[in-house]
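Any read-out appearing in this document is the output of simple, stated calculations on the displayed coordinates, not a laboratory observation. On a predicted model such as this, the values are computed, not experimentally measured, just so you know. Backbone-built Cβ (ideal geometry, glycine too); neighbour counts: all protein chains shown.
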Amino acid sequence: MLETGVYEIVNAGRRNHVVLTDDHCGLATGSVPEGEVPHRNALWKLTRFANGSYTIQTIQTHGKYAGCGPRRNKDCAVIAQPTAEHWNFTETRVKQQFTIHHFDGQMLFWGMVESAIGSPVTLRVTPTDPNNQWLFRKHEADISDSAVIRSTPPFEALPSVKNEEFCVPFPLPFNANALFTGRTKELAEMYVALHSNSTDHRPAVVLHGLGGIGKSQIALQYAYMHKDRYSSVIWIKAASKADVNSSFIEVMQHLLAHEIGKCPKDSPAYSEIACRLGISQYVDNQGCLMLGSAGTADHLIECVKMWLAKEKNTNWLLILDNLDDLESVDLRQYLPLGLSGYIIITSRHLESAFLGTDSIEIEALDEDAALSLLIKGIARYKTPSNEDSEL
């Protein structure tokens, strides 16, 4: 039985610590070097109640509680929230090694999807897996002067297998949103949905919800957070068939330019590159893509799909944004063969959920996140540059 007190929570399988992420919302796994005093974002206050349950609370000012909100299911991310939730700690056959599951009796256990630093803490189904078991190290020292350092953000610098031949820096349609706020739970759920190691189907997560609710911004934020994990991130505007065709043509233009850029400047092998990409008849002697003839878009789309389907090109991320016209835009026409790669789809329609291996309903920001967004917006508006421009 654990006493009320301040603890480090350490994964039994990987020895990663549970840490509060920099946005003070998500729980991820970080590292605390052996023998060093842990920082405040790696310390947790456990409070034991008469019924045997515990709350798990951050020790920051206005500390929040570890929880999952009303939607508790497999792979749900554990986050820090204002409302307390109660947890059971059950000691395993290994002394002082525990599972953590919700007090409501639902048998879903804190665990890790991956061993990497920054991997999210989520609810898992297998209590016997050491990656879903935890050690509690009581912290006896005074915490009032403990530092708070910049923790590893969730998912930052996760390891991935990338073949340099297919690492292409395709541009994203917008810059990263400096005002992006909240959505830690959704971002963690997206990562889990895409990287749960299932090999039966290509991983695809659908974000669905009302127009203007923030689906595209969440997909964009995910892309910027994880762009170094994938060999390439490709953004397709999917509102109409014309938009999809145009986006795929742009992908081929960037792919062609990238391949040309790898050649010696004095002797670029335009014809060889075009042949390798399957577009010989569409590249002129200056290395430019020739458009306009009938069937060009369809052919270029097929060539992009062939490039994505290459045997060693396995780690790309394809984002299809605003797939709202499910009748005229047939998704099957635009996806490469095979199981490689990862896909994110945003759509207003609940019916789009069947297009993915998982789906997430995007709802309005909660009150805390909405207030934080408002404060960020006001602070940005009141910057000296803005004030000067008004004078």
Which of K241/K305; K262/K310; K185/K305; K237/K262; K185/K241; K95/K138 exceed 24 Å between C-alpha atoms? The answer is K185/K305; K237/K262; K185/K241
Among I319, I213, rank each residue by its count of other Cβ atoms within 10 Å, from fewest to most, as a rough exposure measure.
-> I213, I319
If amide H atoms are modeled at 1.01 Å from N in the peptide plane, then the residues at a separation of 5 or more from G13, or on another chain, having amide H under 5 Å from its own are N131, Q133
Between beta-carbons, use under 14 Å as the cut-off and find the net charge around L323, counting Lys and Arg +1, Asp and Glu -1.
-> -2
Could the peptides 287-296, 166-175 be put in order, highest first, of the mean number of other beta-carbon atoms found within 10 Å of their residues?
-> 166-175, 287-296
With the 8 Å Cα cutoff and a minimum separation of six or more residues, the stretch 317-359 has a relative contact order in percent of 54
